[in-house]
């Protein structure tokens with residue numbers, strides 16, 4: 001959804017931001033459930049605890065969401081998560 005988009009486009013589109021945030025909520029919840037079912041597997045995912053914490057911030061609304069921080073997560077951390085998941089899927 002954010003490929004070939006800019007931070008400015010992201011900031012200007014409430015619908016895009018909400019969609020991205022919802023996606024992160026789902027990812028965080030999935031990792032939370034994985035941790036309960038297979039903690040060793042969850043630990044093989046980089047920063048899984050931070051991902052779950054970010055989900056909690058989004059869900060529970062601990063203060064205002066910093067959209068620039070969310071954008072940084074999209075650009076820097078999401079590719080790492082995708083790589084980790086692809087590696088696990090091959091195994």
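The values are calculated or read from the model by the stated rules, or taken from the named source; none is laboratory data. On a predicted model such as this, the values are computed, not experimentally measured, just so you know. When we count neighbours, we look across all protein chains shown, and the Cβ atoms used for this are built from the backbone with ideal geometry, even at glycine.
Among the residues of region 54-84, those identified as surrounded by 14 or more Cβ atoms within 10 Å (Cβ to Cβ), over 23 Å from residue 8 (Cβ atoms) and touching a residue at least 12 places away in the same chain (Cβ under 8 Å) are 55, 56, 81, 84.
Mind checking which residues of region 30-47 are modelled with pLDDT of 95 or more and in contact with a helix residue (DSSP H, G or I) (Cβ under 6 Å, 6 or more places away or on another chain)? Hits for region 30-47 are 31, 32, 34, 35, 42, 45. Scanning region 5-49 for residues that are within 15 Å of residue 74 (Cβ to Cβ), without any contact (Cβ under 8 Å) to a residue 12 or more places away in the chain and surrounded by 13 or more Cβ atoms within 10 Å (Cβ to Cβ) returns 5, 13.
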